[in-house]
1. Grab the Cα-Cα distance for residue 113 and residue 284, subtract it from 0.36 nm times how many residues apart they are, and report the gain in nm with one decimal.
2. Given 0.36 nm per residue, what is the gain on full extension from residue 40 to residue 262 after removing their alpha carbon distance, in nm?
3. With r defined as the distance between the Cβ atoms of residue 80 and residue 122 and R0 fixed at 22 Å, what FRET efficiency is calculated, to the nearest 0.05?
4. At residue 155 and residue 201, where each label point lies 7 Å from the Cα along Cα→Cβ, what is the point-to-point distance in nanometres?
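Derivation of every value follows stated rules applied to the coordinates shown; laboratory data play no part. Keep in mind that this is a model prediction, so the values were computed, not measured. Heads up, the Cβs are rebuilt from the backbone with ideal geometry, glycines too, and the neighbour counts pull from every protein chain shown.
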């Protein structure tokens, strides 16, 4: 979720559908030297969960596995129906017996020692270099799994890789049928260029990761000045400005006006987590829209797809995700 708050809408869900529908995005997120295997059990039981949350679990586990494979290797996503006859889990964290759907993400990467494994789900704990990770990805996964009455386990060995197993309770088919488990999935894009202006680095990096996975070319700015510098230096089209309403030094609406004076064709999508937003209803139209936090990666993608319908294509290319201003300037040719 792109927010600390979570508003969930559980439905009868086929996890296989989400894995399949996010497949293209996941393949764009990993490097070319990483092999991706997807093994889905036919007739997988349904779970009761929010589709956006399960998408977030898969995304975070895959990104974590990718980061553990700096020299390449193999990443596997697998689903299975399992039955636990007895309480399983550690003392104080057991899960009742019954039928479960297992989602497993395995990598052949660097692995973790036992001490690291004991802290891996703690918020802000990270083994990555400063500026390379927030330590929130696995903590988010843990929170979602617990919120859905599930369990997550990790097994890892230094130099051999890691395996994350997510167990979610299966629902009875007599109560929830597979027809209620339809999932629209995530959109694919073709060469859209999106300028993301967000001062919160963890949120900015995650949005950049997701949009790049959808096939967009992403330009990032951590403040208004950087966004304007990119806008002034870029000769090619900026299809969409994605900006927080509240930005240091200049609010998002003023930034949008400046960018559109330079690039009149640019559409604008405002993000806000404030109930008393500065955006009035009469300011919104087919070229200017608003998305409220919290939102899922899929919700963001579908919102942008609705605003940019004309560039949908069969072939999509994954855009590079410039991390800071210098990279954005290279993208603009400055």
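1. Working: separation 171, 0.36 × 171 = 61.56 nm, distance 5.17 nm.
56.4 nm is the gain from fully extending residue 113 to residue 284.
2. Details: separation 222, 0.36 × 222 = 79.92 nm, distance 4.81 nm.
Answer, rounded to one decimal: 75.1 nm.
3. The computed FRET efficiency comes out at 0.20.
4. Taking the simple label geometry, residue 155 and residue 201 are separated by 3.6 nm.
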